[in-house]
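A.B. asks: First the structure, then my questions, so here it is.
The values are calculated or read from the model by the stated rules, or taken from the named source; none is laboratory data. Fair warning: this is a prediction, and the values are worked out from it, not measured in the lab. As a convention, Cβ positions derive from the backbone with ideal geometry for all residues, glycine included, and neighbour counts pool all protein chains shown.
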Amino acid sequence: MKKIILLPMLLATSVITAAPVQADNLSLRICEYVQANDKNRLRSFLKQNKLKIRNIYDGLECNGDNLLIFAAKSNSLEVGEFIIGKLPSKKVKAEIDNLEKHSAHLAEEARDR
């Protein structure tokens, strides 16, 4: 009887602990692609994992910054333009002042949006 109860409990705990680790790996990979200014790999990674920038933007931080500010600090202009194009204009407008401090080019792109 103990084996019947113990096995499902072990399986349940392994599933529960695996989800945050996978989320950490996803966010780490996204941050790496942003820092490397690799738009093509970022796009294919997001598509492969069925993710959208607008859905993950609020919950994802890279080095304590949101994705757009991290791109500006990393001088990742191509990826920054991609992110600006995928976000709702209200979120982009809210970040213009912060973008201005780190990247004039991305701030200009945000204003044009």
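A.B. asks: Which of the residues belonging to segment 27-53 are assigned to a helix (DSSP H, G or I) and not hydrophobic (A, V, I, L, M, F, W, C)? Can you show your working first?
C.D. replies: Looking only at segment 27-53, we keep the residues that are assigned to a helix (DSSP H, G or I), and these are 27-35, 39-48, 53.
Correct list: Ser27, Arg29, Glu32, Tyr33, Gln35, Lys39, Asn40, Arg41, Arg43, Ser44, Lys47, Gln48.
A.B. asks: Can you confirm whether Ser44 is among the hydroxyl-bearing types (Ser, Thr, Tyr), within 16 Å of Arg113 (Cα to Cα) and surrounded by fewer than 16 Cβ atoms within 10 Å (Cβ to Cβ)?
C.D. replies: Numbers: among the hydroxyl-bearing types (Ser, Thr, Tyr): yes; within 16 Å of Arg113 (Cα to Cα): no; surrounded by fewer than 16 Cβ atoms within 10 Å (Cβ to Cβ): yes.
No: the conditions fail for Ser44.
A.B. asks: In addition: Inspect segment 85-97 for any residue being under 19 Å from Asn25 (Cα atoms), out of contact with any Phe, Trp or Tyr (no Cβ under 7 Å at 6 or more places or on another chain) and surrounded by 15 or more Cβ atoms within 10 Å (Cβ to Cβ) and give the result as yes or no.
C.D. replies: Taking segment 85-97 as the starting set, the residues that turn out to be under 19 Å from Asn25 (Cα atoms) are none.
No, there is no match, as no residue in segment 85-97 is under 19 Å from Asn25 (Cα atoms), out of contact with any Phe, Trp or Tyr (no Cβ under 7 Å at 6 or more places or on another chain) and surrounded by 15 or more Cβ atoms within 10 Å (Cβ to Cβ).
A.B. asks: What number of residues within segment 69-110 satisfy the criterion of being in contact with a Leu (Cβ under 8 Å, 6 or more places away or on another chain), hydrophobic (A, V, I, L, M, F, W, C) and within 13 Å of Leu42 (Cβ to Cβ)?
C.D. replies: Count: 4.
A.B. asks: Name the single residue that is nearest to Lys39 (Cα to Cα) among those in segment 67-101 being of a type in the set (S, T, N, Q) and part of a helix (DSSP H, G or I). Spell out how you get there, then give the answer.
C.D. replies: Let us first name the residues in segment 67-101 that are of a type in the set (S, T, N, Q), namely 74-76, 89, 98.
Imposing the further condition that a residue be part of a helix (DSSP H, G or I) reduces the set to 89, 98.
Working: Ser89: 20, Asn98: 22 Å.
Once the filter is applied, the top-ranked residue is Ser89.
A.B. asks: Another one. Would you please name the residue that is nearest to Asp38 (Cα to Cα), looking only at residues in segment 54-66 that are of a type outside the set (A, V, I, L, M) and assigned to a helix (DSSP H, G or I)? Please lay out each step first, then the result.
C.D. replies: Of segment 54-66, the ones of a type outside the set (A, V, I, L, M) are 54-55, 57-59, 61-66.
Now drop any that are not assigned to a helix (DSSP H, G or I), which leaves 54-55.
Values: Arg54: 18, Asn55: 20 Å.
Going through the qualifying residues, I end up with Arg54.
A.B. asks: For segment 35-42, check the following and say yes or no: at least one residue is modelled with pLDDT under 55 and of a type outside the set (D, E, K, R). Spell out how you get there, then give the answer.
C.D. replies: Narrowing segment 35-42 to residues modelled with pLDDT under 55: none.
No: segment 35-42 contains no residue that is modelled with pLDDT under 55 and of a type outside the set (D, E, K, R).
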